[in-house]
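Take this structure first; my questions come after.
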Amino acid sequence: MHSSGGEAAGRPPVNVVGERVALGPLSRTLLPRYQAWMNDVATQGWAGYPTRPEPWTDERMAQWYDRAATDQERMWLTIYETGAWRAIGFCVLRDIDPRHRTAEFGMTIGDRADRGKGYGTEAVTLLLDLAFTGLGLNNVQLQVYEFNHAGLRAYRRAGVKEIGRRRRCYFVGGRFWDVVYMDCLAEEFSSPVLGRVLAPDEAR
Ligand SMILES: CC(C)(COP(=O)(O)OP(=O)(O)OC[C@H]1O[C@@H](n2cnc3c(N)ncnc32)[C@H](O)[C@@H]1OP(=O)(O)O)[C@@H](O)C(=O)NCCC(=O)NCCS
């Protein structure tokens, strides 16, 4: 594993490179991909953006992109699979609080065909590496619906733990579901990439 500014031919700019997944900046050229993922009603229902099915028009996407791409308070990232350097999703670190050193994250692997292959688990690990090792945060949390088995499993495997539930507060598929609150502490996390990348150089 390594981290890189993206100098290799045919590779998009990336910030953190893992084994099968890399995280890099949002790209305007990927707007049609982001738009397709964000308009998938099933994904909207699972990921919770927005809380009811609704369309994302070109105009709304342009507004979202212009804000997200320059947002100093939230860190949006494209998720790539490193085999073909294909964009497979996006994630965000939001509510970054430098005083209390906390943040929350959200994540989507856009196409159903790319889910269940381990990409989500590695993407969470790389995002936590950015949060803990890169930004020096201490606690990162997330919320996931209790029916989101893939999310629960991916996050648990990445070391994120359940800390509580808000009961029956999300209505979908004809019934109420719990929201599961999960978090991870810096001391519980072992850096897969940035601990080595950010090591200071020694004098020669
Ligand atoms: C949640 C999400 C990011 C996870 O990413 P992913 O790439 O699918 O996750 P992984 O493949 O790393 O891990 C998922 C695990 O859940 C398992 N899983 C998937 N569906 C499952 C189900 N219905 N029941 C039980 N386990 C399930 C997979 O088999 C896999 O476990 P395994 O590797 O041990 O077999 C992705 O599925 C996604 O984007 N979903 C739609 C949007 C969303 O829910 N976003 C998250 C909001 S909190």
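Which value at 222 nm does the chain reach when only helices count, each DSSP H run of 4 or more adding -39,500 (n - 2.57), with the total divided by all residues and rounded to the nearest 500 deg cm²/dmol?
Working: 6 runs with 53 residues, N = 204.
So the helix-based figure for the chain works out to -7500 deg cm²/dmol.
Another question, if that's okay. Using alpha-carbon pairs under 8 Å, 6+ residues apart, how would you state the relative contact order of the chain in percent? Kindly include the intermediate steps, with their values, before the conclusion.
Values: 356 pairs, mean separation 37.1, N = 204.
It rounds to 18 percent for the chain.
Something else: On a full-extension model of 0.36 nm per residue, what is the gain between Asp178 and Arg28, subtracting their alpha-carbon distance, rounded to one decimal in nm?
In short, 50.5 nm is gained.
If you don't mind, there's one more thing I want to ask. Using 0.36 nm per residue of separation minus the Cα-Cα distance, give me the extension gain between Ala199 and Arg67 in nm, one decimal. Please report the intermediate quantities before stating the final value.
Numbers: separation 132, 0.36 × 132 = 47.52 nm, distance 3.25 nm.
Separation in residues times 0.36 nm, less the Cα-Cα distance, equals 44.3 nm.
Please find the FRET efficiency linking Arg52 to Arg99, where r is the Cβ-Cβ separation and R0 is fixed at 22 Å, and quote it to the nearest 0.05. Can you show the working numbers first?
Numbers: r = 34 Å, r/R0 = 1.54.
Once rounded, the FRET efficiency stands at 0.05.
Taking the Cβ of each residue in Asp129, Asp201 as the centre, tally the other Cβ atoms inside 10 Å and list the residues starting with the fewest.
On the way: Asp129 25, Asp201 5.
With the fewest neighbours first, Asp129, Asp201 line up as Asp201, Asp129.
Oh, and also: Binning every alpha carbon pair distance of the chain at 10 Å from zero, what are the percents per bin?
8, 34, 38, 16, 3, 1, 0
Rule-based calculations on the coordinates, nothing more; no lab input. No experiment lies behind these values; they were computed from the predicted model shown. Virtual Cβ from ideal backbone geometry, glycine too; neighbours counted across all protein chains shown.
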